[in-house]
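All remarks here apply to the structure that follows.
The values are calculated or read from the model by the stated rules, or taken from the named source; none is laboratory data. Fair warning: this is a prediction, and the values are worked out from it, not measured in the lab. All Cβ positions, glycine included, derive from the backbone under ideal geometry; neighbour counts span all protein chains shown. Please note that ligands, DNA and RNA were not included when accessible areas were found on the heavy atoms of the full protein model with its side chains. Shrake-Rupley method; radii C 1.70, N 1.55, O 1.52, S 1.80 Å.
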Amino acid sequence: MNNRKILRESFGAFLDPAPTSEAHEEVLRRSFKGDHDLNPASFPGKIGTFKPAAVLVPIVVRDDELSVILTRRSSHMKKHAGQISFPGGRAEDEDDTPVCTALRESREEIGLDPDLVEVIGSLSPYVTVTQYSVIPVVGLVEPAFDLVPEESEVAEIFEVPLDFLMDERNHQKHSGFHNGIERFWYAMPYNDYYIWGATAGMLKDLSERAKTIC
């Protein structure tokens, strides 16, 4: 049994099914994650007003190691400049499902060929204080890629070992003040990369789900 098959079967035990076109509406009917998990007072209002988005959680499958592709956003971006994120973005009219959104955005942002991605499921929808409902789509990625960052959006593409991200000893809770109010967030610093906020929250969800089969 090869690594890919083992991963497909083991991950399938704790991931949600690959999202359909109704995935964002399902936020209204099932549990979801969000910035408000650590800051209950910051719940961003009516869920029905959220803008649909999706990201790809790309797990690279190599014989000796599994890793996750992440990006550092360009410093001149109007929103979230310099932050660490998954490839992804807001849904467009031509996207039939969140999977289409995640794969399209990954091609546009980092040049990842969708043919190299095997979608195996999804994580809980993640809602943000900026009024987005983000579906994290989990995919296994063949390592035969040649990634190229879209310079207007992506400053850097890098990989982090999956074992590091799944180890709860590397999960931290940080805080700071915004408009005089203390806010909390998850963080997973790795070398010179500060992984935090929604990205860390989604990885926290993946880690907690994985523990159910360990």
**Asked** List pairs: first in the range 51-76 and without any contact (Cβ under 8 Å) to a residue 40 or more places away in the chain, second of a type in the set (Val, Ile, Thr) and in a strand (DSSP E or B), Cβ under 7 Å, 6+ apart or cross-chain?
**Response** none
**Prompt:** Within the range 167-176, can one find any residue that is of a type outside the set (Phe, Trp, Tyr), more than 29 Å from HIS36 (Cβ to Cβ), more than 14 Å from the chain's Cα centre (by Cα) and at pLDDT 95 or above?
**Reply:** no
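Just to be sure before I move on: is GLU94 of a type in the set (Asp, Glu) and either within 19 Å of PRO161 (Cα to Cα) or open to solvent by less than 40 Å² (accessible area, probe 1.4 Å) (or both) in the structure I sent?
Working: of a type in the set (Asp, Glu): yes; either within 19 Å of PRO161 (Cα to Cα) or open to solvent by less than 40 Å² (accessible area, probe 1.4 Å) (or both): no.
No; evaluated as a whole, the condition is false for this residue.
Being touching a Ser or Thr at 6+ places or on another chain (Cβ under 9 Å), farther than 14 Å from PHE86 by Cβ and at pLDDT below 95: is that true of GLU153 here? Even if it seems obvious, please write down each step before you answer.
Working: touching a Ser or Thr at 6+ places or on another chain (Cβ under 9 Å): yes; farther than 14 Å from PHE86 by Cβ: no; at pLDDT below 95: yes.
No, not satisfied.
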**Request:** Inspect all residues belonging to the range 138-149 and state whether any of them is closer than 17 Å to PRO17 by Cβ, at pLDDT 90 or above and not β-branched (Val, Ile, Thr).
**Result:** yes
**Request:** Filter the strands (runs of 3 or more DSSP E) completely within the range 85-179 down to those with at least 3 residues that are in contact (Cβ under 8 Å) with a residue 40 or more places away in the chain and in contact with a strand residue (DSSP E or B) (Cβ under 8 Å, 6 or more places away or on another chain).
**Result:** 117-122, 132-141, 154-161
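Residue by residue through the range 190-199, note down the ones that are outside any strand (DSSP E or B) and open to solvent by less than 60 Å² (accessible area, probe 1.4 Å). Talk me through it step by step, then tell me what you get.
Filtering the range 190-199 down to residues outside any strand (DSSP E or B) leaves 191-192, 194-195, 197-199.
Scanning the range 190-199 gives ILE195, GLY197, ALA198, THR199.
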**Request:** May I ask you to say which residue of PRO17, PRO40 is modelled with pLDDT of 75 or more, within 28 Å of ARG73 (Cα to Cα) and open to solvent by 40 Å² or more (accessible area, probe 1.4 Å)?
**Result:** PRO40
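Across the range 165-189, what is the total count of residues that are surrounded by 15 or more Cβ atoms within 10 Å (Cβ to Cβ) and under 28 Å from VAL61 (Cβ atoms)? Steps first, please.
Going through the range 165-189, the residues surrounded by 15 or more Cβ atoms within 10 Å (Cβ to Cβ) turn out to be 165-166, 170-171, 174, 183, 185-188.
Subsequent filtering for residues that are under 28 Å from VAL61 (Cβ atoms) retains 165-166, 170-171, 186-188.
Within the range 165-189, residues that are surrounded by 15 or more Cβ atoms within 10 Å (Cβ to Cβ) and under 28 Å from VAL61 (Cβ atoms) number 7.
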**Prompt:** Residue check, GLU150 against (1) in contact with an Asp or Glu (Cβ under 8 Å, 6 or more places away or on another chain); (2) buried (at least 18 other Cβ atoms within 10 Å of the Cβ), all met but one. Which one?
**Reply:** (2)
